[in-house]
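Trainee: Once you've had a glance at the structure underneath, I'll fire off some questions.
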Amino acid sequence: MRSAGGASALLVALLLCTLPCRGDGVAAGTPSDRGEYHGEGRDTGGAIRLLRADELRQEQRGAEEVMILTGDVKLIQDSLTIWCDFAQHRRRLGELLLRGNVIMVDPGRRLKADRVTYYEKERRSVASGNVQVLRDSVLLRSRTGRYDEQSEEAVFTGDMSATDLGRDIRVTGGRGRYDARHEVAEAQVNPVLVQFDSTGGETARIVAEYMRYNAAEGIAEARDSVRIDWEEVRGQGERLFYHPDDGMALLVGRPVIRRGRDEAVGDSIWLFVTDGKLDSVVVRGAAVAYTASDSTRDAPRSELRGKQIVMDFEEGVVARMQSDGQAMGLYHLFEKGEDKGSNRVSGDRVTLLMNEGSLEDVIVVGGTEGTYYPPRLAKKVRRDE
């Protein structure tokens, strides 16, 4: 280590001890401990201490003294540890300019960036360029962006990602922001939310034009041209609320969901998943739902309409469909694969009971009406539907 000037008040403030070569006593060329944190509970009385640098020089810029550190720089301030390739300390402003592989670590945060401006009195960091922040259980990354520790906000202008490590959820987008105080990430420009299982496989994928993810509450909101793929269910709508902890999602705005030949449309659709399998679907407002009436491949689909329809699944197969409120059902009868015609029924409630993919029973309650179509006429009804 060498100094371009005599020991000044700035140097004394910055260096509480002066050691040859490197401030931690490690010879030049020794592998760096960059990123290895051992500062929890450390107390420097608020002063910044230099532990090491390959080179130190002091410059007088008018009335201002500037300390410049280059090489493998390591600084500490109480429990905070800083590593970088270049540091410039402006005493009058109380400002540290850090560049090159910057890492800042304290017990509640880990920050990496190309450039950081650190204000020592406020203990505030403003980072830019390949920003990566790990705070609590959320990991933020951005090719180009800024993180302001005082406002507790990150603004990303390049590709960004926010990963909730506790839930294995990652939100990406071309532009976005993160509110660290409330643990809320927003992504614009092709935002995507993906949830992973323990093996790294995708269990859910949500695509929209806008995404907001609240890591504190575990809720994602997607808006505009929303699409969701979740445990073999495909859905779309204008707005989505996803609750991963509770295994449920709400689609609104002309929503449609499909799983194989099962389909539902309405004003709003709730999806419920249990143990990685679709458990039930609740369709409300001008609700329509379809399911295959028989296990044979080309069997026509039975249909329910009403104000609310509930579809219950067992092992991913519809076991029960129930329509309430001005309910109407059109179902098709098969016996050992032989076509027995179709029935159209209406009432206050219509319930279709399925068994291994085939219609087993129909229950109609309240104001019952019905029409039977023999096979030759049923074919026309099925074409019309």
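Trainee: GLU65 is checked against (1) among the acidic types (Asp, Glu); (2) crowded, with 17+ Cβ neighbours inside 10 Å; (3) under 15 Å from THR117 (Cβ atoms) and fails just one. What number does that condition carry?
Mentor: For GLU65, the failing item is (3).
Trainee: Same structure again: Could you please find all residues in the stretch 325-342 being over 15 Å from GLY357 (Cβ atoms) and crowded, with 20+ Cβ neighbours inside 10 Å? Show your work before the answer.
Mentor: Going residue by residue through the stretch 325-342, those that are over 15 Å from GLY357 (Cβ atoms) are 325-330, 338-342.
Across the stretch 325-342, the qualifying residues are ALA327, GLY329, LEU330, SER342.
Trainee: For the subset of the stretch 312-328 comprising residues that are of a type in the set (Asp, Glu) and over 12 Å from THR291 (Cβ atoms), which member is modelled with the highest pLDDT? If you could, list the steps in order and put the result at the bottom.
Mentor: In the first step, residues of the stretch 312-328 are kept if they are of a type in the set (Asp, Glu); the result is 312, 314-315, 324.
When the remaining residues are screened for being over 12 Å from THR291 (Cβ atoms), the result is 314-315, 324.
Numbers: GLU314: 91, GLU315: 84, ASP324: 94.
Checked the stretch 312-328; the qualifying residue modelled with the highest pLDDT is ASP324.
Trainee: Could you list, in sequence order, the residues of the stretch 281-297 that are surrounded by 17 or more Cβ atoms within 10 Å (Cβ to Cβ) and without any contact (Cβ under 8 Å) to a residue 60 or more places away in the chain? Break it down into steps so the answer makes sense when it comes.
Mentor: Step one: filter the stretch 281-297 for residues surrounded by 17 or more Cβ atoms within 10 Å (Cβ to Cβ), giving 281-284, 287-294.
The answer is VAL281, VAL282, VAL283, ARG284, ALA287, VAL288, ALA289, TYR290.
Trainee: Residues being buried (at least 16 other Cβ atoms within 10 Å of the Cβ), at pLDDT 90 or above and outside any strand (DSSP E or B): count how many of those fall in the stretch 169-198.
Mentor: Count: 2.
Trainee: Please state which of the following conditions ARG239 fails to meet, knowing it meets all the rest: (1) under 15 Å from the mean Cα position of the chain (by Cα); (2) under 20 Å from ARG254 (Cβ atoms).
Mentor: Here ARG239 meets the rest and fails (1).
Trainee: Just to check your reading of the model, which residue among ASP159, ASP164, ASP168 is charged (D, E, K, R) and free of Cβ contacts under 8 Å to residues at least 24 places away in the same chain?
Mentor: Numbers: ASP164 fails: free of Cβ contacts under 8 Å to residues at least 24 places away in the same chain; ASP168 fails: free of Cβ contacts under 8 Å to residues at least 24 places away in the same chain.
One residue alone meets the criteria, ASP159.
Trainee: Another question, if that's okay. Go through the stretch 102-114 and give me each residue that's in a strand (DSSP E or B) and either surrounded by fewer than 18 Cβ atoms within 10 Å (Cβ to Cβ) or touching a residue at least 24 places away in the same chain (Cβ under 8 Å) (or both).
Mentor: To start, the set of residues in the stretch 102-114 that are in a strand (DSSP E or B) comprises 102-106, 109-114.
Selection gives VAL102, ILE103, MET104, VAL105, ASP106, ARG109, ARG110, LEU111, ALA113, ASP114.
Trainee: Name the residues in the stretch 253-270 that are crowded, with 18+ Cβ neighbours inside 10 Å, outside any loop (DSSP other than H, G, I, E, B) and touching an Asp or Glu at 6+ places or on another chain (Cβ under 9 Å), would you?
Mentor: ILE257, ARG259
Trainee: If I filter the stretch 133-156 for residues that are in contact (Cβ under 8 Å) with a residue 24 or more places away in the chain, under 17 Å from the mean Cα position of the chain (by Cα) and not in a strand (DSSP E or B), do I get at least one hit?
Mentor: The answer is yes; a qualifying residue exists.
Trainee: Go over the candidates ASP262, ASP267, ASP245, ASP312 one by one and state the one that is more than 24 Å from MET354 (Cβ to Cβ) and in contact (Cβ under 8 Å) with a residue 24 or more places away in the chain. Break it down into steps so the answer makes sense when it comes.
Mentor: Details: ASP262 fails: more than 24 Å from MET354 (Cβ to Cβ); ASP267 fails: in contact (Cβ under 8 Å) with a residue 24 or more places away in the chain; ASP312 fails: more than 24 Å from MET354 (Cβ to Cβ).
Only one candidate passes the filter, namely ASP245.
Trainee: Specify which of the listed residues (MET311, MET354, MET328) is over 34 Å from the mean Cα position of the chain (by Cα), under 25 Å from ASP229 (Cβ atoms) and of a type outside the set (D, E, K, R).
Mentor: MET354
Trainee: Just to verify a result, which residue in the stretch 298-307, among those that are of a type outside the set (Gly, Ala, Ser) and part of a strand (DSSP E or B), is surrounded by the fewest Cβ atoms within 10 Å (Cβ to Cβ)? Break it down into steps so the answer makes sense when it comes.
Mentor: Pass one, the stretch 298-307, residues of a type outside the set (Gly, Ala, Ser): 298, 300-301, 303-305, 307.
Those left that are additionally part of a strand (DSSP E or B): 301, 303-305, 307.
On the way: ARG301: 18, GLU303: 22, LEU304: 27, ARG305: 20, LYS307: 16.
Among those that are of a type outside the set (Gly, Ala, Ser) and part of a strand (DSSP E or B), it is LYS307.
Trainee: Can you give me the number of residues within the stretch 115-141 that are modelled with pLDDT of 90 or more, buried (at least 22 other Cβ atoms within 10 Å of the Cβ) and of a type in the set (Ser, Thr, Tyr)?
Mentor: 1
Trainee: Can I ask one more? Can you name every residue in the stretch 219-252 that is among the acidic types (Asp, Glu) and either at pLDDT 95 or above or loosely packed, with under 15 Cβ neighbours inside 10 Å (or both)?
Mentor: Kept after step one, since they are among the acidic types (Asp, Glu), are these residues of the stretch 219-252: 221, 224, 229, 231-232, 238, 245-246.
Of everything in the stretch 219-252, those that are among the acidic types (Asp, Glu) and either at pLDDT 95 or above or loosely packed, with under 15 Cβ neighbours inside 10 Å (or both) turn out to be GLU221, ASP224, ASP229, GLU232, GLU238, ASP245, ASP246.
Trainee: Next question. Those residues that are assigned to a loop (DSSP other than H, G, I, E, B) and in contact with a His (Cβ under 9 Å, 6 or more places away or on another chain), I need them from the stretch 312-371; list them, please. Walk me through it before giving the result.
Mentor: Here is the first cut: in the stretch 312-371, the residues assigned to a loop (DSSP other than H, G, I, E, B) are 315-316, 336-337, 356-357, 366-368.
Of everything in the stretch 312-371, nothing turns out to be assigned to a loop (DSSP other than H, G, I, E, B) and in contact with a His (Cβ under 9 Å, 6 or more places away or on another chain).
Trainee: Can you tell me which residue among GLU153, GLU149 is at pLDDT below 90, touching a strand residue (DSSP E or B) at 6+ places or on another chain (Cβ under 8 Å) and crowded, with 17+ Cβ neighbours inside 10 Å? Full working, then the answer.
Mentor: Working: GLU153 fails: crowded, with 17+ Cβ neighbours inside 10 Å.
Only one candidate passes the filter, namely GLU149.
Trainee: Quick one: would you say ARG92 is in contact (Cβ under 8 Å) with a residue 24 or more places away in the chain and loosely packed, with under 13 Cβ neighbours inside 10 Å? Working first, answer last.
Mentor: Numbers: in contact (Cβ under 8 Å) with a residue 24 or more places away in the chain: yes; loosely packed, with under 13 Cβ neighbours inside 10 Å: yes.
So ARG92 passes the test.
Trainee: Looking at GLU209, GLU153, GLU186, which is the one that is closer than 23 Å to ARG99 by Cβ and of a type in the set (Asp, Glu)? Before the answer, list the steps.
Mentor: Details: GLU209 fails: closer than 23 Å to ARG99 by Cβ; GLU186 fails: closer than 23 Å to ARG99 by Cβ.
Unique residue meeting the criteria: GLU153.
The values are calculated or read from the model by the stated rules, or taken from the named source; none is laboratory data. Note that this is a predicted model, so its numbers are computed, not measured. We place every Cβ from the backbone using ideal geometry, glycine too, and count neighbours over all the protein chains shown.
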